[in-house]
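Please treat every number below as a calculation from the coordinates, not as lab data. Quick caveat, the model's predicted, so the values are computed rather than measured. All Cβ positions, glycine included, derive from the backbone under ideal geometry; neighbour counts span all protein chains shown.
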Amino acid sequence: MTFKSILLQQNIFAALCLSALVTVAPAVAQTQASCSALKGCEQKFCEMEIQLNMAKQTGDNNQVAGLQMALDNARTSCSDSRLKDALTAKLAEANQDLVRYQADLQQAEQQGKKDKVMKYKKKLEETTSEINRLNDQLNQLELLPQ
């Protein structure tokens with residue numbers, strides 16, 4: 001199915017648009033997998049291009065314009081060192097959240113508030129997962145040549 005035929009179907013038969021997107025979905029998934037092989041700014045550009053192509057396929061001109069502008073801005077301003085700095089800042093914030101949630105959990109346990117204990121245990125799990133994800137991303141960026 002060609003890009004033009006997808007657009008034609010979308011304009012003529014709005015209901016068929018969904019089936020056209022389902023047809024395209026495996027190709028998008030395969031493209032996203034190829035982005036994961038990239039690192040740093042190149043990965044960011046690749047992911048943005050996928051979103052842009054999906055917006056083009058759905059005919060969402062406002063989203064296309066916004067994504068194109070964002071991609072152009074990213075291409076002119078993205079640097080791996082800036083990405084590292086941003087990840088480091090997010091990691092520091094997540095670590096602060098972790099410390100705060102641990103204190104909140106301890107206080108809730110002392111007060112016997114079971115609902116709060118469950119809440120803070122969940123927040124600790126989510127934050128720990130986020131820290132691991134951020135560390136993985138940062139480690140990948142560290143492997144990039146300077």
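Summary table below
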{"read-out": "Local net charge near residue 117, Cβ-Cβ under 12 Å (Lys/Arg +1, Asp/Glu -1)", "value": "+4"}
{"read-out": "Fewest-first sequence of 99, 64 by Cβ atoms within 10 Å of each Cβ", "value": "99, 64"}
{"read-out": "Mean projection area, nm², convex hull over Cα of region 80-142", "value": "3.8 nm²"}
